[in-house]
1. For Lys417, give me every one of the aspartates and glutamates with a C-alpha distance below 18 angstrom, ignoring sequence neighbours fewer than eight places off in its own chain.
2. For the chain, place one equal point scatterer on every Cα, skip the solvent, and apply the Debye formula. What is log10 of I(q)/I(0) at q = 0.06, 0.12 Å⁻¹?
3. Considering only the other residues whose Cβ falls under 11 Å of the Cβ of Met422, what net charge follows from Lys and Arg at +1 and Asp and Glu at -1?
4. Sequence gap at least 6, Cα distance under 8 Å: using those rules, report the relative contact order of the chain to the nearest whole percent.
5. Once amide H atoms are placed 1.01 Å from N in the peptide plane, what residues at a sequence separation of 5 or more from Leu73, or on another chain, have their amide H within under 5 Å of its amide H?
6. What net charge is computed for the residues neighbouring Arg323, neighbours being all others with C-beta under 15 Å from the C-beta of Arg323, Lys and Arg scored +1, Asp and Glu -1?
7. Which net charge results for the neighbourhood of Phe104, defined as the other residues with beta-carbon distances under 13 angstrom from its beta-carbon, given Lys and Arg at +1 and Asp and Glu at -1?
8. With a point put 7 Å past each Cα toward its Cβ, work out how far Ala268 is from Ala14 in nm, to one decimal.
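Laboratory data are not the source of any read-out in this text; all were calculated from the coordinates shown. Predicted model, so just to flag it, every value in this text is computed and none were measured. With ideal geometry, Cβ positions are generated from the backbone for all residues, glycine too; neighbour counts draw on all protein chains shown.
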Amino acid sequence: MRMTALHAPTLKEAPKEAEVPSHALLLRAGYLRKEAAGIYSFLPLAMKVLARIGRIVREELDRAGAQEVLLPLIQPAELWQESGRWTKYGPELLRIKDRKDAEFCFSPTAEELIVSLVRRDVRSYRQLPLNLYQIATKFRDEVRPRAGLLRGREFIMKDAYSFDADEAAAGRTYQAMYDAYTRIFQRCGLEFRPVEADTGAIGGSRSHEFQVLAETGEDSIVSCSQCTYTANVEKAELLAPSASDAPATAVLRRVDTPGKRTVEDVAAFLGTTPSRLAKTLLVVADGKPVAALVRGDHELNLVKLKAHLGATEIELAGEALVRELTGADVGFAGPVGLPAHVDVVADPAVLALSAVICGANATDQHFADVVFGRDLPRPSAVDLRLAHDGDPCGRCGGAFRFFRGIEVGHVFFLGTKYSEPMGCTFLDQDGKERPMVMGCYGIGLTRIMAAAIEQNHDADGIKWPVPIAPHEVVVLPLNADDAEVLSTAERVYRELLDLGVSAVLDDRDMRPGAKFKDADLVGFPFQIVVGKRGLAEGNVEFKVRATGEKGTLTVAGASQSLTERIRTARGGA
């Protein structure tokens, strides 16, 4: 490809709307153009990157036994009504009607459609296992699209769906896909972590996210420094502390705490620390009030609480309900004296304290020296807290290390969540009808593109990993009026193409400085610089974008030498 023919309109400045490096650089370097909030046109350079990512994804999924299909983007409402998600999915589901007033949705995912497809054609255990995938456009009507491709509304995703005869077989498929994902992200040249995660709106009993590590990531993950356990902070298991206090002897007492609503204010007013307080948070889970207790210096994890309760919906109680349940203003709730229909659960760190301070369910008052089992029934112990850096790992007791990540892939063990209500069944060896056991597996190709930049960039532009770069080498002739420079650049460019390297020749009539800036901005992994001075000694210069390494190569050996480095950098790609 010649730069004079390449449609890559670069910008000197990033648009003001750009919030993260990948958003700014993809716009500046001519990869994307915005059409609407969270919706982008992908220009030739972006399509090259997506094609390279797609090739890696296809190769590894095919290797894992999956088969590619292509499903409609417009899905009938009836299928979503069968699964129960038509009303549950929320406003992110873009609902539309055709000219006959029939209801449809624009695909955000395809569990319902794939189940409909498989249940029509697969009837016997002899046709299982089956694993189908597609790479296609999806749409989710995000309430606040942001960060370019990291949180867009329209995106390109690989979604796969597996069907097995029993849980053991489905578990083997899940592991095969987990392994395939690991190879995919390794081949893309990314630093990542597979993390245990909540199943969210997709559902199921087991899931792992694949997180690309980046300071700008919106997800928080923790990884144990001693064992291999890694999890999203919302899922991370924490070690339950043992009781360290001597048994309490003081009796329960009510103390005035005028205007002291926050944990910090109450602790300071009573001359203690937040870790001695039991923070009572009232929530509504599927319409039922629940009181959750965490230590004053900890945060309630609603995801863990929701999972423990088996709830579909959960939210913090509003002011009116708090007053109805406690008879007090917000900030003074406590577990002593709550109505009988309010279930109470407590984090083990609270129950490890011999006595606690908590709200007295009366405005401007708290209880001190509250003892569980003496002053109120001992609540159920449930891991309810949000994990943080340095917290003890629930698997081995080692210290957690905190990372920020960008979710680029997610695998789910669905079980029969969709197959059972939608009648996706098969006849087993005994002729008995049974629901298929499913898994689903997503990878965001456009998100990989953005995440790779978040992990690989500097002030000058993108530093693409070689396996997913749009082109591997740019050849830069510096003296456009010099015939020898131009002919040498053309020769090197042609040799690279013949050796199977994806190369670009910057044949534009521009100053060298402008060419260097664009080469760094676009992010070509390798640069070959052809100039008069070097040619006088029979050499060309090269630069490695990722490391800044520079050196010289002979004109005769430049193409072969660089090709060998590129082949090594490609890895399994």
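1. Partners found: Glu78, Glu82, Glu111, Glu112, Asp159, Asp164, Asp166, Glu167, Asp198, Glu313, Glu433.
2. Taking Cα atoms of the chain as identical point scatterers yields -0.42, -1.18.
3. So the environment of Met422 carries a net charge of -2.
4. With pairs under 8 Å counted, the relative contact order is 17 percent.
5. none
6. -3
7. -1
8. Here the modelled spin labels are 3.8 nm apart.
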